[in-house]
1. Of everything in the stretch 101-122 that's modelled with pLDDT of 95 or more and either in a loop (DSSP other than H, G, I, E, B) or among the β-branched types (Val, Ile, Thr) (or both), which residue is nearest to THR82 (Cα to Cα)?
2. Across the stretch 50-70, what is the total count of residues that are within 20 Å of MET125 (Cβ to Cβ) and at pLDDT 95 or above?
3. Kindly indicate whether any position in the stretch 63-76 is over 27 Å from GLU150 (Cβ atoms) and in contact (Cβ under 8 Å) with a residue 12 or more places away in the chain.
4. Can you run down the residue pairs with Cβ atoms below 8 Å, 6 or more apart or on separate chains, where the first is in the stretch 101-113 and surrounded by fewer than 19 Cβ atoms within 10 Å (Cβ to Cβ) and the partner is modelled with pLDDT under 90 and charged (D, E, K, R)?
5. Just to verify a result, which residue in the stretch 123-146, among those that are assigned to a strand (DSSP E or B) and under 14 Å from the mean Cα position of the chain (by Cα), is surrounded by the fewest Cβ atoms within 10 Å (Cβ to Cβ)?
6. Just name the residue that is nearest to ASP47 (Cα to Cα) out of those in the stretch 62-100 that are part of a loop (DSSP other than H, G, I, E, B) and in contact with a Lys or Arg (Cβ under 8 Å, 6 or more places away or on another chain).
7. Applying the selection to the stretch 36-57, what residues are surrounded by 14 or more Cβ atoms within 10 Å (Cβ to Cβ) and either without any contact (Cβ under 8 Å) to a residue 40 or more places away in the chain or within 26 Å of ASN158 (Cα to Cα) (or both)?
8. Do any residues in the stretch 1-25 that are farther than 18 Å from TYR35 by Cα and of a type in the set (Lys, Arg) have Cβ atoms under 7 Å from those of residues that are modelled with pLDDT under 75 and in a strand (DSSP E or B), where the two are at least six apart or on different chains, and which pairs are they?
Amino acid sequence: MADMFIRFITTGGTIDKIYFDDLGQFEVGDSQVNYILNEGLVGFDYDVVPLLQKDSLDMTAADRSKLRSYVASDDSQRYVITHGTDTMVDTAEALTGLAGKTIVLTGALSPARFRSTDAVFNVGMAVAAVQTAAPGVYIAMSGQVFAAGEVRKNRDENRFEAI
């Protein structure tokens with residue numbers, strides 16, 4: 001079997017947010033994916049491509065098109081994309097139909113820099129899903145893997161669920 005390679009693409013979102021005490025607000029900072037993978041002692045080859053640094057509420061159709069074009073023209077077969085949770089479902093649907101590509105979007109409901117965060121667990125779920133799922137687009141959140149178009153964010157319960 002060929003060596004496992006996963007391309008991680010970061011787009012911003014809560015997973016990469018930094019809290020500024022003096023400003024009382026969050027801003028998207030540098031990606032935490034390398035740190036998470038290093039701490040996890042992963043045994044596969046990967047690289048991290050920082051494509052965007054945006055809150056997902058600021059993601060545009062042009063941003064989604066840029067992401068889709070990048071993945072479509074890239075030579076990898078497996079992708080984990082970190083993304084803000086508010087519009088992750090929209091981006092997942094925008095990425096459907098790329099033949100031969102397994103794409104898993106994940107993020108966090110609290111920043112990876114926080115002591116209590118779902119970020120590390122979600123990245124681990126996405127890594128497992130991208131290795132085992134058939135080509136297609138998925139979301140790995142809330143301890144589950146959902147196919148694109150079959151999931152929504154339940155803002156009242158602060159979790160993702162099947163529709």
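1. My answer is THR106.
2. 0
3. no
4. As it stands, the answer is LEU109/ASP118; SER110/ASP118; ARG113/LYS17, since those pairs meet every condition given.
5. Here is the first cut: in the stretch 123-146, the residues assigned to a strand (DSSP E or B) are 136-141, 144-146.
Now drop any that are not under 14 Å from the mean Cα position of the chain (by Cα), which leaves 137-141, 144-146.
Details: VAL137: 25, TYR138: 24, ILE139: 32, ALA140: 25, MET141: 26, GLN144: 15, VAL145: 19, PHE146: 22.
Filtering the stretch 123-146 for residues that are assigned to a strand (DSSP E or B) and under 14 Å from the mean Cα position of the chain (by Cα), the one surrounded by the fewest Cβ atoms within 10 Å (Cβ to Cβ) comes out as GLN144.
6. Going residue by residue through the stretch 62-100, those that are part of a loop (DSSP other than H, G, I, E, B) are 74-77, 83-87, 95-100.
Adding the requirement that they be in contact with a Lys or Arg (Cβ under 8 Å, 6 or more places away or on another chain) leaves 74, 76-77, 84-86, 95, 98.
Numbers: ASP74: 13, SER76: 11, GLN77: 13, GLY84: 20, THR85: 22, ASP86: 25, LEU95: 20, LEU98: 20 Å.
Only one residue tops the list, namely SER76.
7. ILE36, LEU37, LEU52, GLN53, LYS54, ASP55, SER56
8. none
The values are calculated or read from the model by the stated rules, or taken from the named source; none is laboratory data. Worth saying up front: this structure is predicted, and the values here are computed from it rather than measured. No Cβ is skipped: glycine too gets one built from the backbone with ideal geometry, and neighbour counts run over all protein chains shown.
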